[in-house]
């Protein structure tokens with residue numbers, strides 16, 4: 001592995017940028033950066049911009065440092081490495097091939113290259129070439145909630161602890177529900193909470209409710225929670241907020257389908273005696289038949305975080321399996337009508353659906 005080439009990538013952009021910056025500062029202290037550091041912006045959205053950026057990068061470490069000294073090139077925020085269209089371009093592939101060849105041949109002892117990117121297509125020839133010459137440091141947020149949530153929760157608690165604060169268990173869960181899993185958002189909200197609390201070193205649930213801003217993901221959770229709990233006013237208000245934030249009715253109805261799929265299956269598990277509520281937490285029965293059934297599923301509900309699983313179970317409890325199945329059919333039918341065309345706007349169709357799902361006239365049984 002090359003000792004003077006470093007690659008940081010992943011969808012946790014804060015940690016990618018932070019660790020790349022640390023490496024750059026280690027290689028080239030601030031006092032030397034005006035003479036020895038060249039930063040190239042890789043956040044290209046067009047093929048021509050990507051070609052220009054790669055060309056600058058190759059030229060950067062082929063050019064000697066001022067007065068013949070150390071030369072550090074930071075190819076920063078190289079977003080196009082995960083853009084399939086740009087990566088298939090002939091000129092882009094040719095220049096990345098040149099860059100790969102230079103790296104394989106080895107840089108001079110006083111030349112260094114740091115690359116940072118929000119992701120990379122691991123099928124690409126460039127990725128395969130990089131793997132042969134550099135240790136790739138990845139900072140990815142897992143796609144599955146039950147994997148990402150514990151990491152984010154641990155990070156938030158650690159950040160609060162570093163500031164001399166403790167946070168209640170339920171407050172910590174709500175905190176992550178609102179911030180989402182991205183490190184930058186977590187750090188911003190921790191800093192805001194610390195300033196708000198001052199000398200009072202324990203953070204409670206009401207503090208989080210008052211001070212923690214909801215991320216886009218958290219707003220979507222609030223939306224589905226309002227539907228499950230038949231809070232029509234909240235559902236309509238959050239729905240219109242999401243539309244204002246450029247969400248689409250098609251995207252939102254897919255989330256509603258997922259909600260009713262989860263509510264239905266949790267209600268079925270309860271009726272089968274596979275789980276029961278113990279306060280706000282759920283307890284799964286220990287049985288080989290249950291193990292065999294869940295082991296065959298791609299998303300074992302027992303691995304879901306207890307806070308989210310408990311919420312689904314509590315939300316499903318007031319309804320019968322038949323009522324939830326009927327609601328799910330209503331959602332699916334509306335989705336199909338959206339896709340089939342027609343003169344009724346999708347926004348209006350979904351708002352009508354919300355009124356039906358949250359209707360208070362009849363108790364769902």
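Just so it is clear, none of the values below were taken in a lab; they were calculated from the coordinates. Since we're looking at a predicted model, the values are computed, not measured. Here Cβ is always computed from backbone atoms with ideal geometry, including for glycine, and neighbour counts include all displayed protein chains.
So if we plug the beta-carbon distance of residue 154 and residue 244 into 1/(1 + (r/R0)^6) with R0 = 22 Å, what FRET efficiency do we get, rounded to 0.05? Could the numbers behind the result be given before it?
Details: r = 34 Å, r/R0 = 1.53.
With a Förster radius of 22 Å, E is 0.05.
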Expressed as an acute angle from 0 to 90° and rounded to the nearest 10, what is the orientation of the C-alpha long axis of helix 90-105 relative to the principal long axis of the chain?
-> 60 degrees
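Roughly what % antiparallel, to the nearest 5, for the DSSP beta bridges in the chain?
Numbers: 4 of 24 bridges.
The antiparallel fraction comes to roughly 15 percent.
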Could you work out how far helix 145-162 tilts from the main Cα principal axis of the chain, as a 0 to 90 degree angle to the nearest 10?
-> 70 degrees
Given only helices, namely DSSP H runs of n ≥ 4 each adding -39500 (n - 2.57), what is the per-residue ellipticity at 222 nm of the chain, to the nearest 500 deg cm²/dmol?
-> -18500 deg cm²/dmol
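Gain in length, residue 255 to residue 59, computed as 0.36 nm per residue apart minus the alpha-carbon separation, to one decimal in nm? Intermediate results must be reported in sequence, preceding the final value.
Working: separation 196, 0.36 × 196 = 70.56 nm, distance 4.74 nm.
Going from the current span to full extension adds 65.8 nm.
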PRE zone check, label point 7 Å out along Cα-to-Cβ of residue 195, amide N under 13 Å, scope segment 152-188, hits 188
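Tell me whether segment 6-97 comes out rounded, prolate or oblate; compute the Cα gyration tensor, take square roots of the eigenvalues as a ≥ b ≥ c, and use a/c under 1.5 as the rounded threshold.
oblate
Just subtract the alpha-carbon distance of residue 291 and residue 33 from 0.36 nm times their residue separation and send over the number in nm, one decimal.
Stretched fully, the residue 291-residue 33 segment lengthens by 87.0 nm.
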For segment 318-344 versus segment 1-76, the gap between their alpha-carbon centres in whole angstrom | 52 Å
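Could you list 123, 337, 267 so that the one with the fewest beta carbons within 10 Å of its beta carbon is first and the one with the most is last? Intermediate values should be presented prior to the final figure.
On the way: 123 9, 337 14, 267 23.
The order, fewest Cβ neighbours first, is 123, 337, 267.
According to the square roots a ≥ b ≥ c of the eigenvalues of the Cα gyration tensor, what is the shape class of segment 250-351, taking rounded for a/c under 1.5, prolate for a/b larger than b/c otherwise, and oblate for the remainder? If you can, show how the numbers build up before the last one.
Details: a/c = 2.56, a/b = 2.23, b/c = 1.15.
Prolate is the answer for segment 250-351, as a/c is 1.5 or above and a/b outweighs b/c.
Rounded to the nearest 0.05, what FRET efficiency do residue 131 and residue 303 have when you use their Cβ-Cβ distance and R0 = 22 Å? Display every interim value, and only then the final one.
Values: r = 30 Å, r/R0 = 1.38.
Result of the calculation: an efficiency of 0.15.
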Likely footprinting exposure, 303, 311, 231, 246, fewest C-beta neighbours within 10 Å first = 246, 303, 231, 311
Candidates for semi-axes √(5λ) of the Cα gyration tensor in Å are (1) 47, 26, 20; (2) 53, 19, 16; (3) 29, 26, 20, and the calculated one carries label (1)
Assertion target for 221, 284, ordered by fewest C-beta neighbours within 10 angstrom first, is 284, 221
